[in-house]
Each structure stands twice: as C-alpha cells, then as structure tokens.
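Asks: Dumping the structure here so I can ask a few things about it.
The values are calculated or read from the model by the stated rules, or taken from the named source; none is laboratory data. Quantities reported herein were computed from a predicted structural model and do not represent experimental measurements. With ideal geometry, Cβ positions are generated from the backbone for all residues, glycine too; neighbour counts draw on all protein chains shown.
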Amino acid sequence: MGLRIEEHPILSFKKGRKINFFFEGKNMEGFEGEPIAAALHAAGVRLLRHSPHKNRARGFFCAIGRCSSCMMEVDGEVNTMTCITPLTDGMQIKMQKGHGVIKP
Amino acid sequence: MSRKTQVLVVGGGPAGLSAAVVAAQMGAKVLLVDDNPLLGGQLVKQTHRFFGSSARDAGIRGYAIAEKLCEDAAAVKKNLSILMNTSAVGFYGDTEAGILSPERYEPVSFERVIVCTGAVENSLNFENNDLPGVYGAGAVQTLMNVHGIRPGKKILMIGSGNIGLIVSYQLIQAGVEVVGLVEALPTIGGYLVHASKIRRLGVPIHTNHTIISANGVEKVKSATICRLDEKFQRVPNTELEIGCDCICLAVGLSPLIDLFQQGNCRMFFVPELGGLVPLLDVNMRTTNHRIYVAGDASGIEEATTAILGGRIAGACAYESIHGVDDKAQAIIADANEELKHLRSGSTGEKVRWGRDRLIKEIAVC
Amino acid sequence: MLINDGIFSQTELESILPSPERMKKGPVAIIECIQDIPCDPCVSSCPSHAITMKSGITDKPCLDHVHCIGCGLCVASCPGLAIFIVDMNYSNRSASLTVPHELLPIPKVGEIVAGLDRAGKAVCEAKTLKVIKSKKYDKTMVITIEVPKEHAMAVRAIKAGKGMGK
C-alpha cells in the first residue's frame, strides 16, 4: 500500500496531470498543483532540510505555511515554503542548510 | 487608494463566513479576507458527520457545511467581497486595517471589524518532538483529506479530545493503521461515541499515559510512552515502545489573538476557553467597540457554535452601524437560544463557565 | 467504564438494552449512546416516534423498545454511528445484526466478514446479508450480517477483506 489514497469511503480527490520533478537531482513523479512537500511526502521523502545551528532533521509539520519547517530551495530560490507552494513540471527541489544562502 | 468597507471580517471559516453572510444579508457592505486559497476554514478537512440539532446541519459532513456556507456567501455577493490568500496584518488607528495578498499590501478603512481568526494547535514537549513524522492533527487532516495522501502507514495519536478521536477515525478511513491513542488523563476527553467507534476498530486507548520520546534517525521509527500517576508524574519502569512512522499531536488548541491585542482589546486568561481570549459581551463585542469576535478566537469550541456566534456578531455589528433592526434581533435571539441548548449538557459545562466569566469581567470594565 | 476505555461496562449496557422479552419479538434498535452530548438527528429519523429527548438536545436518547419496529432508519442518522439493530429471531441459531459502516472495502452480499466486538476483537465470522447505500444516508452504509446468536450482543463492527483498501 502506497501513501497516495486511490480509493476513499467518503472523499474523492481531483488531481492535476501527472508531472515529473527533481528532488536533489533525482527524477520523481507528482501531480501538477499539489504542494511540493505533499508530493515529496507521497514519494516517501521525510527529510526536507536541517536546522541551522544544531543540524537537526526538519520535515513536513504544519502544512499551512506557518512553521517554516518545510523550507527548501525551489528552482534556485531558498526559503520557499514547500507545503503551500504548488508543484510544476520540471521543478528543481533541493534541501537547504538552515536559512539557506540568498545569492546577491 | 485604500479600500473602504463597512464591516471587515477577518477569517473565512464557519464563524467568519456566517458573520459576513448575515451582515451582508442585512445590507451592510462587507469585505471578508482569508489567508487560505479555499474558504471554509477547518470545515473543508472534516469528513465526519456533525452533531447538534437536525434543524441546524446535524448529520451533515463538515465539508458539506462549508459548501453550504459558500453558497450563502455567493448569494449575497452584491454586498460581500471576498479576498482569498489575503492576511489581515494589523490595525492602524481606529478604523484602518492592513491587508496583505501575494500581489500587494493595501490599507482598508472599516466601521466595524469581526475577527474570526480561529485557533492554533498546541505543541507538546517530549524528546525528539522535532523529528520528521511528528505532525499536528491539522497537518494530518490537510495531507489526508485535502491532498489525498496518507501521513504514514502506522500512526500513534496523542490526545483523546474530539480532535484526537475524530482524526483517528478519519485515518482508519484513509487506510492508515492507528496503533494507539495516548491520553494523560484517566478519562477520555472527547465524546464517548467517537471513542467507541475507534475501539471497535481495534485502536487501543492508553489513558494515564504520556509520550516521552519519538525515536528514529531523521524520521520517526517508534514512540516511547509511559504511565503517569495521579500527580501526572512518570511511573518508573512502565515504558512501552510502540512502532510507528508518524506521531499525531492532538493536544488542544489556543485562540489566535494577535489582532485583538493590536486593537487594544482587553484580554483575559480563561483556561476553560483555551487560554488568552478577548473580553466579550453578549453581543460578541470586545472592549474596543469597533471590534467583534466569533468562533474559536473567542474561545475553543466547535463549528456549530462558531456559526451561531458568527451570526450574532454579524447581526450586532450591522445594528451598531445602522441601528436596532427587527430582522437582526430575530437572528440574535434564535442563535442565542440554539447556543443555550447546545451548551446545556455536561459536555458544555467548561464553556458555559468560561463564557460567564468573561461576561462578568467585561461588566466591571 | 466507557469514559476510561471507550467500552461499555455490563452495568452501562444494561441501562440501554431492550428487555429479554422484547429481544424475543424480532428486530429492535439498540442506541449505544449514554452521554449528554448536544445531538438529536435520531429523534426525527424514527417513523414510529420511538426515540425521544424530553429535556432537549443534550438529553440522552430514550428509545421505547416496545414501539420500535426495528426498521433501521435510525442507524444511518446517527453521527456517532452508535445505533444497531438486532433480530434474535432471524433463525434458530443465528441473529441478524445491522451496523453502520463507513470504511473500505465494502463487503458484497454473501461475503464472509469478521465480526468485531466493542474492543475490536474478531469474535466470529459473519455472513453479509444486506448492504444498503442510499443517497439519503450520505455515504454511511447500513450493513446487515448474520451472526451466531451468542455473539449478537457483542459484535458491533465488521472487517471485510484482507486489508483496509488501497
């Protein structure tokens, strides 16, 4: 049993088209428009970044863009809150260390 | 150029939608802002059938109640403007708020504002509570009921209030194994029919227990729980390790109150209502006569009481601008009557006590 | 006790069970709800008006077992999924039991399912007799199974299939 719910006794889920994206260079599948962190979660990715000072593992947490646990580098932009950012075709997702480095 | 409105409603959950709809139905010009892409607040994630009176949506699933409220809102769009993905970020002066959308920041001038910002989930201290796989109940519901993705394959639920019990059941519906539910008190906190539902599906409920650690390297592999004595101290040698890949925290909610503090509303600490809340009167008005409140921001309760409180706030806000109105009075009376009935049993005791306390306190302000 | 572990104790059960005489007369509803929560859809669901709440919406539902005809319309009306229909006269050795069900997989008529007691323990096998899906019931299915008589008062849920769906 995978993590995506194919059949549910009450709900039905409308998904966008299936697309490919890249996590740390690895090719993965997801659905257009769903939050990046949800697509990663469905693919079994739990670790999204490490905390800045104590290097602790950080992953999905609040799901509503409030806690900043899910911040990642998305198409070159650091500190993107992946739980509320929609997935697009060919997106490049990378882990960042702590607050990331903002290129001048 | 700033926006102008008569009634600004902050929050598009059951309270905010109900307040906005009533005020707009009465004839006020209303602007509702919500920082989510979807209206309905927490209702959109609720698949279970609601309790309450059959006269008011009992038996209807939460997400269907949200749909109904949205239809009511669409019916009054002549008077009601809605901005999604928009946060109300502050109050400036007596009659100005700032709203922030992805495109721009705007000032909004209002005559009255109804703050329905809901609540935030409480956290819990235990070792490794920051491990990926430790999620709040709201996040579990969002993943599962909005995005159709299971939060894990084996989940341990912490908290036996209605949220812990209901989300456990929703997890089972989504095909997730709930390996147990942990509750620090000796008794189950939520409605017992919810508890029975999950017990008969094989979920053990560990009362008098707490979680002492999440275990795993960079993701949850198990949890360790232990027994508590009557003074809530850990009982030695009662540790139990439970294999799981996800730990769900359902340990209570606290009202989201930043805007009230910005509006110089007098606040009061009422544990029975979830913590710090604005002082409010029977009209759902705070000590700032322009600011009203409804829903969980006024004290943690549930969706039906949020809807009724929102209706009262919407009608009172309208009357405070336009004068006493028969229709508004009828709405207020009906809603108060329903609230009285809903809160009359033993499960409503805490809230009744908490609300009485606030009303007594505001009377001496 | 219900409040400690979510399972009815014998004393708590006795407060809501029909009399043995009534049980012998055919299908009857059993409302396993003894808390004064604000909820009343069962009252208006009963065509025989056998369910009452005298003091209002937070009253515990009171079922007049004599007037109950065991039609089962209340089963899907209860948001707490707390109402069951038991017919001890189904056959010499079996009773029929009607339960609400909101899970996958959905059993087919004739399929053998596991009968789970209030603690989730599989205590017997049960044959699926009826599966009612009505638009009015809004995705709460009402499933009737055949159980050995000695388990009719224990079984309160079913487990169909090998897993819990995909």
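Asks: Restricting attention to the range A:41-83, which residues are more than 12 Å from the chain's Cα centre (by Cα), at the interface with chain B (Cβ under 9 Å from one of its Cβ atoms) and of a type in the set (S, T, N, Q)?
Replies: Of everything in the range A:41-83, just one residue is more than 12 Å from the chain's Cα centre (by Cα), at the interface with chain B (Cβ under 9 Å from one of its Cβ atoms) and of a type in the set (S, T, N, Q), namely A:51.
Asks: Provide a single number: the residues in the range B:204-221 that are part of a strand (DSSP E or B) and under 25 Å from the mean Cα position of the chain (by Cα).
Replies: Total satisfying the criteria: 3.
Asks: Same structure, new question: Residue check, residue A:38 against (1) assigned to a loop (DSSP other than H, G, I, E, B); (2) at the interface with another protein chain (Cβ under 8 Å from one of its Cβ atoms); (3) surrounded by 14 or more Cβ atoms within 10 Å (Cβ to Cβ), all met but one. Which one?
Replies: (1)
Asks: Across the range B:284-302, which residue is surrounded by the most Cβ atoms within 10 Å (Cβ to Cβ) among those that are farther than 15 Å from residue B:7 by Cα and not β-branched (Val, Ile, Thr)?
Replies: Once the filter is applied, the top-ranked residue is B:295.
Asks: Residues in the range B:39-71 that are in a loop (DSSP other than H, G, I, E, B), within 11 Å of another protein chain (Cβ to nearest Cβ) and within 17 Å of the chain's Cα centre (by Cα): how many? Let's see the steps before the verdict.
Replies: Our first condition is that a residue be in a loop (DSSP other than H, G, I, E, B); within the range B:39-71, this holds for B:39-40, B:46-48, B:50-51, B:53-60.
Pick out the ones that are also within 11 Å of another protein chain (Cβ to nearest Cβ) and you get B:46-48, B:50-51, B:53-60.
From the residues that got through so far, the ones that are within 17 Å of the chain's Cα centre (by Cα) too are B:46-48, B:50-51.
Here the count works out to 5.
Asks: Counting only residues that are touching a Leu at 6+ places or on another chain (Cβ under 7 Å) and farther than 30 Å from residue C:139 by Cα, how many does the range A:20-36 have?
Replies: The number of residues fulfilling the criteria is 3.
Asks: Residues in the range C:94-105: is at least one farther than 29 Å from residue B:64 by Cβ, assigned to a loop (DSSP other than H, G, I, E, B) and either within 15 Å of the chain's Cα centre (by Cα) or not hydrophobic (A, V, I, L, M, F, W, C) (or both)?
Replies: no
Asks: Next up: Check C:44, C:77, C:55 and return the single one that is within 26 Å of residue B:191 (Cβ to Cβ) and surrounded by 23 or more Cβ atoms within 10 Å (Cβ to Cβ).
Replies: Only one candidate passes the filter, namely C:77.
Asks: Hey, could you check the range A:14-33 for residues that are within 12 Å of another protein chain (Cβ to nearest Cβ) and at pLDDT 95 or above and say which is nearest to residue B:129 (Cα to Cα)?
Replies: A:30
Asks: So which of B:59, B:41 ends up being crowded, with 22+ Cβ neighbours inside 10 Å, in contact with a Ser or Thr (Cβ under 7 Å, 6 or more places away or on another chain) and not hydrophobic (A, V, I, L, M, F, W, C)?
Replies: Going through B:59, B:41 in turn, just one is crowded, with 22+ Cβ neighbours inside 10 Å, in contact with a Ser or Thr (Cβ under 7 Å, 6 or more places away or on another chain) and not hydrophobic (A, V, I, L, M, F, W, C): B:59.
Asks: With C:125, C:146 as the choices, which residue is modelled with pLDDT of 95 or more and buried (at least 16 other Cβ atoms within 10 Å of the Cβ)? Walk me through it before giving the result.
Replies: On the way: C:125 fails: buried (at least 16 other Cβ atoms within 10 Å of the Cβ).
The conditions single out C:146.
Asks: Are there any helices (runs of 4 or more DSSP H) wholly within the range B:111-203 with 1 or more residues that are modelled with pLDDT of 95 or more and facing chain A (nearest Cβ under 10 Å), and if so which?
Replies: The helices (runs of 4 or more DSSP H) meeting that bar are B:137-141, B:162-173.
Asks: Output the residues belonging to the range C:106-126 that are more than 13 Å from residue C:157 (Cα to Cα) and either part of a strand (DSSP E or B) or of a type in the set (A, V, I, L, M, F, W, C) (or both).
Replies: Across the range C:106-126, the qualifying residues are C:109, C:112.
Asks: To continue, here is another question. Run residue C:93 past the list (1) within 13 Å of another protein chain (Cβ to nearest Cβ); (2) in contact (Cβ under 8 Å) with a residue 40 or more places away in the chain and report the number of the one that doesn't hold.
Replies: Result: residue C:93 fails condition (1) only.
Asks: So in the range B:320-345, with the set limited to residues that are part of a loop (DSSP other than H, G, I, E, B) and loosely packed, with under 15 Cβ neighbours inside 10 Å, which one is farthest from the other protein chains (Cβ to nearest Cβ)?
Replies: Top of the filtered list is B:323.
Asks: Got at least one residue in the range C:20-33 being part of a loop (DSSP other than H, G, I, E, B) and in contact with a helix residue (DSSP H, G or I) (Cβ under 8 Å, 6 or more places away or on another chain)?
Replies: yes
Asks: Just a yes or no: is a residue in the range C:83-90 among the acidic types (Asp, Glu), in contact (Cβ under 8 Å) with a residue 12 or more places away in the chain and within 12 Å of chain B (Cβ to nearest Cβ)?
Replies: Looking for residues that are among the acidic types (Asp, Glu), in contact (Cβ under 8 Å) with a residue 12 or more places away in the chain and within 12 Å of chain B (Cβ to nearest Cβ), one finds none in the range C:83-90, hence no.
Asks: What do you reckon, is residue B:107 touching a residue at least 12 places away in the same chain (Cβ under 8 Å), surrounded by fewer than 16 Cβ atoms within 10 Å (Cβ to Cβ), in a loop (DSSP other than H, G, I, E, B) and assigned by TED's automatic domain parsing to the domain that holds residue B:300?
Replies: For residue B:107, the condition - touching a residue at least 12 places away in the same chain (Cβ under 8 Å), surrounded by fewer than 16 Cβ atoms within 10 Å (Cβ to Cβ), in a loop (DSSP other than H, G, I, E, B) and assigned by TED's automatic domain parsing to the domain that holds residue B:300 - is not met.
Asks: Please indicate, with yes or no, whether at least one residue in the range C:20-43 is without any contact (Cβ under 8 Å) to a residue 12 or more places away in the chain and either in contact with a Cys (Cβ under 7 Å, 6 or more places away or on another chain) or closer than 21 Å to residue C:152 by Cβ (or both).
Replies: Looking through the range C:20-43, at least one residue is without any contact (Cβ under 8 Å) to a residue 12 or more places away in the chain and either in contact with a Cys (Cβ under 7 Å, 6 or more places away or on another chain) or closer than 21 Å to residue C:152 by Cβ (or both).
Asks: Determine which member of the set C:157, C:82 is touching a helix residue (DSSP H, G or I) at 6+ places or on another chain (Cβ under 7 Å) and either closer than 27 Å to residue C:10 by Cα or surrounded by fewer than 21 Cβ atoms within 10 Å (Cβ to Cβ) (or both).
Replies: Working: C:157 fails: touching a helix residue (DSSP H, G or I) at 6+ places or on another chain (Cβ under 7 Å).
One residue alone meets the criteria, C:82.
Asks: What are the residues in the range B:72-86 that are part of a strand (DSSP E or B), out of contact with any Gly (no Cβ under 9 Å at 6 or more places or on another chain) and under 24 Å from residue B:258 (Cβ atoms), if any?
Replies: So the first thing to find is which residues in the range B:72-86 are part of a strand (DSSP E or B), and the list is B:80-83.
From what's left, out of contact with any Gly (no Cβ under 9 Å at 6 or more places or on another chain): B:80-81, B:83.
Correct list: B:81, B:83.
Asks: Condition check: basic (Lys, Arg), within 12 Å of chain B (Cβ to nearest Cβ) and touching a residue at least 40 places away in the same chain (Cβ under 8 Å). Does residue A:4 satisfy that?
Replies: no
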